[in-house]
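So the structure is just underneath, and the comments pick up after that.
The values are calculated or read from the model by the stated rules, or taken from the named source; none is laboratory data. Treat the numbers as computed from the prediction; the structure is a model and nothing was measured. Counting neighbours? That spans all protein chains shown, and the Cβs are built from the backbone with ideal geometry, glycine included. Note: areas computed on protein heavy atoms with side chains; ligands, DNA, RNA excluded. Shrake-Rupley method; radii C 1.70, N 1.55, O 1.52, S 1.80 Å.
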Amino acid sequence: MAKKKVYAIKEGFDFSKNERVQNKLVDSWSECQKYIKGVKGAIYKSFEDIEEAKSFLQKGSELLRKGKDKYDENCLHVYVDGSYNSGSRKYSYGVVAVKDNVVEYIHGGSGTNEKDNNIRQIAGELKAALEGATYALNNNHKKVVIFHDYEGICHHATGFWKRKDKSSQDYYENMNALMKKGIEIQFVQVKSHEEDLFNEMADTICKNELGIPNDRILEKYLSKNLIEVKDEEIKEKLDKLVVKGQENIVIDENNINKSVEKPIKSKETKAVKEEKTEQSKKENKVKIDENQNEKDEIIQKINDVLSVLEYERLEEVLKYVKRKKNQKK
């Protein structure tokens, strides 16, 4: 006779009570579904041994979330993403490595999933994470923060999720082999399509590999800002990803002849500053106009009240106003 299963819910939601569910054990699949169905980011697992289920709940996830959790700001940051073209049945991946807000490495590629294991864009995301970690290790970085939107990048690497197919098992083994060589990795989830610059850059690389139109977020950013890159090679690669704004992709002055490149950067910076100053003036004028309109409305309301007051009450109001005026002085 098969053992009765117990279900451990790490993250869920109780819609009947409108509250978050954490670290809860239930003894039926139907009850488990009440807390996980339709819940984005739900984490749960079935066990035949209740002690194993309890151990699962006690073991914390190593996944951090950008904008919510703290992570190392002073080491190499690598942004990874994946995409999929249902027409060609090909996946792609994109990698962007950044140190001190300077892009020092970008790369993309594509491939085809195995017929019996079509995991679509996830194949690209797993490959990108492995390439990012490999780049960090090969370039003598002791620590790297990998930013990703697919939770499995972290959970499959740490063993927090059960590995049900060959792709996740291979990823687990390869990522742990890299970590055993001395690279420390922090995994940080970033929401997709939230206009996070480097995440959007990785997404643009992915779509470019498959010939899919992108949202032109990079062009929007470059219309008012600079993107600093490590060298001419990186600049040439980024130039090809955008249709305009290439003049605002500049080489970091620590890596170039300052006398040649600095005037270009200064010119663009001045133009950006002038535009921001003009915008600030317009915003201040609008604010002044709004304040004056509010003041006029308040004065009109006061006049409406005063017009119906008796003479004695008007004298009281006048005394009150004079007293407040003197206090202000």
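Assorted remarks:
- From the options Q186, Q169, residue that is part of a helix (DSSP H, G or I) and of a type outside the set (A, V, I, L, M, F, W, C): Q169
- Some residue of the stretch 194-208 being in a loop (DSSP other than H, G, I, E, B), in contact (Cβ under 8 Å) with a residue 60 or more places away in the chain and β-branched (V, I, T): no
- E125 fulfils the conditions (1) in contact (Cβ under 8 Å) with a residue 40 or more places away in the chain; (2) over 17 Å from N174 (Cβ atoms); (3) in contact with a Gly (Cβ under 7 Å, 6 or more places away or on another chain) except for a single criterion, (2).
- Options F187, F147, F160, F198: the member that is at pLDDT 95 or above and either hydroxyl-bearing (S, T, Y) or under 29 Å from F47 (Cα atoms) (or both): F187
- Residue in the stretch 299-315 that is among the basic types (K, R), at pLDDT 70 or above, out of contact with any strand residue (DSSP E or B) (no Cβ under 9 Å at 6 or more places or on another chain) and open to solvent by 80 Å² or more (accessible area, probe 1.4 Å) present: yes
- Top-ranked residue in the stretch 239-292 [being β-branched (V, I, T) and more than 30 Å from D203 (Cβ to Cβ); ranked as modelled with the lowest pLDDT]: V260
- Selection count, the stretch 136-150, where residues are in contact with a strand residue (DSSP E or B) (Cβ under 6 Å, 6 or more places away or on another chain) and open to solvent by 10 Å² or more (accessible area, probe 1.4 Å): 2
- If you go through the stretch 198-217 and keep only what is among the aliphatic types (A, V, I, L, M) and in contact with a helix residue (DSSP H, G or I) (Cβ under 6 Å, 6 or more places away or on another chain), you end up with just I217.
- The listed residue being touching a Gly at 6+ places or on another chain (Cβ under 8 Å) and either farther than 24 Å from H156 by Cβ or not hydroxyl-bearing (S, T, Y) (or both), out of A42, A8: A42
- Lone unmet requirement of (1) farther than 19 Å from D72 by Cβ; (2) open to solvent by less than 30 Å² (accessible area, probe 1.4 Å); (3) in contact with a Phe, Trp or Tyr (Cβ under 8 Å, 6 or more places away or on another chain) for R163: (2)
- Those strands (runs of 3 or more DSSP E) of the stretch 1-66 in which 1 or more residues are at pLDDT below 90, open to solvent by 90 Å² or more (accessible area, probe 1.4 Å) and not basic (K, R) occupy 19-26, 43-47.
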